[in-house]
Each structure stands twice: as structure tokens, then as C-alpha cells.
Amino acid sequence: MSVFTKGARALITGGSSGIGYAVAQQCLKHGMKTAIVDINSTTLQYAKEDLAGNGEVETYQVDVSQESDWKNLREAVEIKFGGDIDFLMLNAGVGTKGTWGDSDYFQKIFGTNLFGVVNGLNTFVPSFQKRSTPGTIVITGSKQGITNPPGNAAYNASKSAVKTLAEHLSFDLRDTKTSVHLLVPGWTFTGLSGNQPGSNSQKPDGAWHASQVADFMFKEINDGKFYIICPDDDVTEETDKKRMLWTVGDVVNGRPPLTRWRPEFKDEAAQWMESVDLKKA
């Protein structure tokens, strides 16, 4: 039995734009009662107006980094929709860049990307542990949290931590009615890449639309996949897997970190990527 059924209750953080908004649209198409949570009042208003008449939907302005906001959110949503959340998507994220010595950069990234997830899990997981009917939790990660490219240490670290949290949660809930999934989008045309709600910006050729990610996610959830690694029109699934394997190889083979971007390893990495057989790796 799928959680995506008429009358089921969904809550999506970072839900007023991008991937979260596309998932909210899908939930409403399934007849689900849908709570859209975001900190951005402008995109929340847009979502409320754009989705009016599409089903039972409510918007909530919340700072997910603040633990105190979550109790109030849960109470408000459960009163509004008449029961526990069935589908929880912890998707809120920021992509601010900074550097060492920039405390605000680290605080903002970790506050939203990491503690926004921790706070959401601590608020809702106890109810998911006790369910007698199917439930689903999706946490949005990033390929940067797996392949770890240089240039944005706090963002990569936050998404790496989110991956670990999702893996532990999946293990801890393995004997319950709740399925857990780590969504790892590819290059997606969202607000982080200049596509604000209502804008007329053109999607870059290599990127996916957020709706494509949502469609892919729903398919993979229905297929029982934990790791939902999305391709895009620029990077194939095979290339993603090779990049991940090379990254793990830094540890296994005793190389320095981030060798894929070090000039002295450039040729070796390129040759390995070209020649490796994933079936034998």
C-alpha cells in the first residue's frame, strides 16, 4: 500500500519553490492534504495563490533551523489536517558560499541544511516509529555530499551529514511501516540556480526541471529504492557512479583527499573513469 493516496497528509520543507514545490504539486494530484513549509514569504504567497483550487493545501512560514518552531508547526498541521503526517519531506536548503573564518557562512549552512533536518526528524520520527499504516520520509541530499568537490566546504559537509542521518534512520526504521529515502538530485533548474517562482528564466540545456526530479523520485520510492540518485541531461548514472567510486578510492588507496581535482592526479583519474568497468569494480 502506497502512502501517496487520497486523504493522506504530507509536509514538505523548502516546499514553495524548486523540487519541494514540484513534489507538493504531485502530492496534491494524489489527493493528499499538503503542508508547504518555507521561510520565504514571497514564494509561500506565490505557492498559495498558484495552488488554490488544486486540493487541500496550507502554507507555513517557518525557520527550520529553529527547534522551537517545529513543535508549533507540528501542532498546527495536525490540527489543520486532522492527524499525523504520513509523508515527510525534509528538503529545505541554502547554497550560500563562504570561506574559512566566515562564521556566518558555516552557521547559516549548518543551521538550515543540517539542523533543519535534525529538528524535523526529532519532531516527527517518534510518530513514524509507532505507525500501523505506511509512512514515508524523504531527505534531500546532494551529490556534493558524496563526491565532495572543492569550493564549498560547509555545504558539502552539511549534505554529507544528511546522507549519514538518512542511512541511520533507514536502518533504525527497518522493522516499521515507514520507508526512508535519500533524494540526491542532479543538476536541477531551481531557485538555487536562478529559477525563482514565476520567473521566465530559461532552463540550461543540461539541467532537469524540478518536475522531472519529482517524477523520478516518486518512481524510485514506489520501487523501494533508498538511494534516489537522479541523473540529468548532462551527467549520466554511469558517470555519477564512477565519480563516487573514485572518491571512495582516495580512502581505500591511501591517496590525499579530493584527488579528482588535483593536477597531479588529473590524467590518472581521467584514464580510470574511461576504462573502469562498473560491473567489475
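The values are calculated or read from the model by the stated rules, or taken from the named source; none is laboratory data. As the structure is a prediction and not an experimental result, all values here were calculated from the model. Methodologically, a virtual Cβ is constructed for each residue, glycine included, from the backbone with ideal geometry; neighbour enumeration extends over all protein chains shown.
Worth a mention:
- Scanning segment 25-46 for residues that are in a helix (DSSP H, G or I) and either of a type in the set (Phe, Trp, Tyr) or closer than 18 Å to GLU220 by Cβ (or both) yields GLN25, GLN26, CYS27, LYS29, TYR46.
- Within segment 85-121, tally of residues that are over 21 Å from MET217 (Cβ atoms), within 17 Å of the chain's Cα centre (by Cα) and among the polar types (S, T, N, Q): 2
- The conditions of being touching a helix residue (DSSP H, G or I) at 6+ places or on another chain (Cβ under 6 Å), over 27 Å from ILE19 (Cβ atoms) and either outside the structural domain of ILE19 (by the TED database) or assigned to a helix (DSSP H, G or I) (or both) are met by MET273.
- Tally of residues being at pLDDT 95 or above, farther than 23 Å from VAL62 by Cα and charged (D, E, K, R) across segment 90-130: 1
- So PHE226, is it aromatic (Phe, Trp, Tyr), crowded, with 20+ Cβ neighbours inside 10 Å, touching a His at 6+ places or on another chain (Cβ under 9 Å) and in the same structural domain as PHE106 (by the TED database): no
- Lone unmet requirement of (1) loosely packed, with under 14 Cβ neighbours inside 10 Å; (2) outside the structural domain of PHE189 (by the TED database) for GLY53: (2)
- Among (1) part of a helix (DSSP H, G or I); (2) among the β-branched types (Val, Ile, Thr); (3) in contact with a helix residue (DSSP H, G or I) (Cβ under 6 Å, 6 or more places away or on another chain), the one test that VAL94 misses: (1)
- Per the conditions (1) in contact with a strand residue (DSSP E or B) (Cβ under 8 Å, 6 or more places away or on another chain); (2) over 30 Å from ARG262 (Cα atoms); (3) buried (at least 21 other Cβ atoms within 10 Å of the Cβ), the sole criterion not satisfied by PRO134 is (3).
- Hey, ILE19 part of a helix (DSSP H, G or I), in the same structural domain as LYS177 (by the TED database) and either among the aliphatic types (A, V, I, L, M) or closer than 16 Å to GLY116 by Cβ (or both) or not: yes
For every residue, the table says whether it meets (1) part of a helix (DSSP H, G or I); (2) more than 23 Å from ALA166 (Cβ to Cβ); (3) not aliphatic (A, V, I, L, M).
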{"site": "ILE221", "(1), (2), (3)": "yes, no, no"}
{"site": "ILE228", "(1), (2), (3)": "no, no, no"}
{"site": "PRO231", "(1), (2), (3)": "no, no, yes"}
{"site": "ASP234", "(1), (2), (3)": "no, yes, yes"}
{"site": "LYS242", "(1), (2), (3)": "yes, no, yes"}
{"site": "VAL251", "(1), (2), (3)": "yes, no, no"}
{"site": "ARG260", "(1), (2), (3)": "yes, yes, yes"}
{"site": "PHE265", "(1), (2), (3)": "yes, yes, yes"}
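- Residue check, GLU49 assigned to a helix (DSSP H, G or I) and among the charged types (D, E, K, R): yes
- VAL64 among the hydrophobic types (A, V, I, L, M, F, W, C) and part of a loop (DSSP other than H, G, I, E, B): yes
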